[in-house]
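Participant: Have a look at this one.
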Amino acid sequence: MSDVHSAACRCTRASPDLSPTSSVDILVREAKRRAWRLGFFSTYQEHGMQDTRDTQIGRAAQADLDGILALQEENQMDRGGMLSASLPRLRIVEMMNEMPLIVARRKHRVVGFLMATNRERNADLPIVQSMFSAYAGTPGAYVYGPVCVSSDARGQGLAQGMFNELRRLEPGREGILFIRRDNEPSLRTHARMGMREVASFQFNNADFAVFSYIG
């Protein structure tokens, strides 16, 4: 499941202002410069990318639930979004207890989420049944998605950042997802992430592509 708008870009680094005032400052400055050269600090300055160092990406907590639900509601298809389902609070809580649910927060506001579920959790959803009928995947495969980024935070690498965190937490497992064929930005984004298209299916008169990756 997916709703992502992201732009390809290359990361450019800008050296921080580290003016020393003492011997301790000099040591701190040198340590930071080494970290900078190794890529621990980066800013995004081209093709619409912005500095994302003010955004926290990590596993969701109970306090994030209202923000997740609000962002999900804003991006339903009947409101101009591309999300294909609306999950109730209780089901999201159950999903959070079983697998990592990744969020991007900016000033305590949820601006992105990436859900993941075990194969059995949403097996009752007809669209998930259609996906697994088209592509069964490995026995331990899980469902990636839905993923959603707030309209004012797209094109800033948040989808990639959340995906990286999910893969870090679920190494070696296969993830499977579906994307509507008319959601071209999401198709391009997930292809750039290294996912491969493995099948396709139709649901409610819409065409979907099935993608797979290994964590």
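The values are calculated or read from the model by the stated rules, or taken from the named source; none is laboratory data. All values reported here derive from a predicted model rather than from experimental measurement. Counting neighbours? That spans all protein chains shown, and the Cβs are built from the backbone with ideal geometry, glycine included. These accessible areas exclude ligands, DNA and RNA; they are computed on the full protein's heavy atoms, side chains included. Shrake-Rupley method; radii C 1.70, N 1.55, O 1.52, S 1.80 Å.
Participant: Just wondering, is there one or more residues in segment 169-191 that are under 16 Å from ALA85 (Cα atoms), polar (S, T, N, Q) and open to solvent by 50 Å² or more (accessible area, probe 1.4 Å)?
Facilitator: No, because not a single residue in segment 169-191 is under 16 Å from ALA85 (Cα atoms), polar (S, T, N, Q) and open to solvent by 50 Å² or more (accessible area, probe 1.4 Å).
Participant: A further question on this structure: Restricting to segment 134-144, name every residue that is surrounded by fewer than 24 Cβ atoms within 10 Å (Cβ to Cβ) and under 22 Å from ARG91 (Cβ atoms). Step through it out loud before you land on a result.
Facilitator: Within segment 134-144, the first condition is being surrounded by fewer than 24 Cβ atoms within 10 Å (Cβ to Cβ), and the residues that meet it are 134-142.
Those that are surrounded by fewer than 24 Cβ atoms within 10 Å (Cβ to Cβ) and under 22 Å from ARG91 (Cβ atoms): GLY137, GLY140, ALA141, TYR142.
Participant: Restricted to segment 192-209, and to residues that are open to solvent by less than 50 Å² (accessible area, probe 1.4 Å) and within 17 Å of the chain's Cα centre (by Cα), which residue is farthest from ILE127 (Cα to Cα)?
Facilitator: MET193
Participant: I've got another one for you. Taking segment 92-111, which residues are farther than 22 Å from GLU174 by Cα and either under 16 Å from the mean Cα position of the chain (by Cα) or in contact (Cβ under 8 Å) with a residue 24 or more places away in the chain (or both)? Before you say what the answer is, go through the steps one by one.
Facilitator: The initial filter retains those residues of segment 92-111 that are farther than 22 Å from GLU174 by Cα, namely 93, 104-111.
Those that are farther than 22 Å from GLU174 by Cα and either under 16 Å from the mean Cα position of the chain (by Cα) or in contact (Cβ under 8 Å) with a residue 24 or more places away in the chain (or both): VAL93, ALA104, ARG105, ARG106, LYS107, ARG109, VAL110, VAL111.
Participant: Now, a different point. Can you spot a residue in segment 160-173 that is touching a His at 6+ places or on another chain (Cβ under 8 Å) and not polar (S, T, N, Q)? I'd like the intermediate steps shown before the answer.
Facilitator: Residues of segment 160-173 that are touching a His at 6+ places or on another chain (Cβ under 8 Å), as a first pass: none.
Checked against the condition, which is being touching a His at 6+ places or on another chain (Cβ under 8 Å) and not polar (S, T, N, Q), segment 160-173 yields no hits at all.
Participant: Restricting to segment 83-93, and then to whatever is part of a helix (DSSP H, G or I) and open to solvent by 60 Å² or more (accessible area, probe 1.4 Å), can you tell me which residue is nearest to GLY155 (Cα to Cα)? Please lay out each step first, then the result.
Facilitator: Of segment 83-93, the ones part of a helix (DSSP H, G or I) are 89-93.
Add one more test, that the residue is open to solvent by 60 Å² or more (accessible area, probe 1.4 Å), and what stays is 89-90.
Working: ARG89: 28, LEU90: 31 Å.
Looking at residues that are part of a helix (DSSP H, G or I) and open to solvent by 60 Å² or more (accessible area, probe 1.4 Å), I get ARG89.
Participant: In addition: Those residues that are outside any loop (DSSP other than H, G, I, E, B), open to solvent by 10 Å² or more (accessible area, probe 1.4 Å) and not β-branched (Val, Ile, Thr), I need them from segment 101-133; list them, please. Reasoning before the result, please.
Facilitator: Looking only at segment 101-133, we keep the residues that are outside any loop (DSSP other than H, G, I, E, B), and these are 102-106, 109-118, 126-133.
Imposing the further condition that a residue be open to solvent by 10 Å² or more (accessible area, probe 1.4 Å) reduces the set to 105-106, 109-110, 118, 126-127, 129-130, 132-133.
Listed by number, the residues that qualify are ARG105, ARG106, ARG109, ASN118, PRO126, GLN129, SER130, PHE132, SER133.
Participant: Turning to a different aspect of this structure: Working only within segment 172-188, note down all residues that are without any contact (Cβ under 8 Å) to a residue 60 or more places away in the chain and closer than 20 Å to PHE203 by Cβ.
Facilitator: Residues satisfying the conditions are GLY175, ILE176, ARG181, ASP182, GLU184, LEU187.
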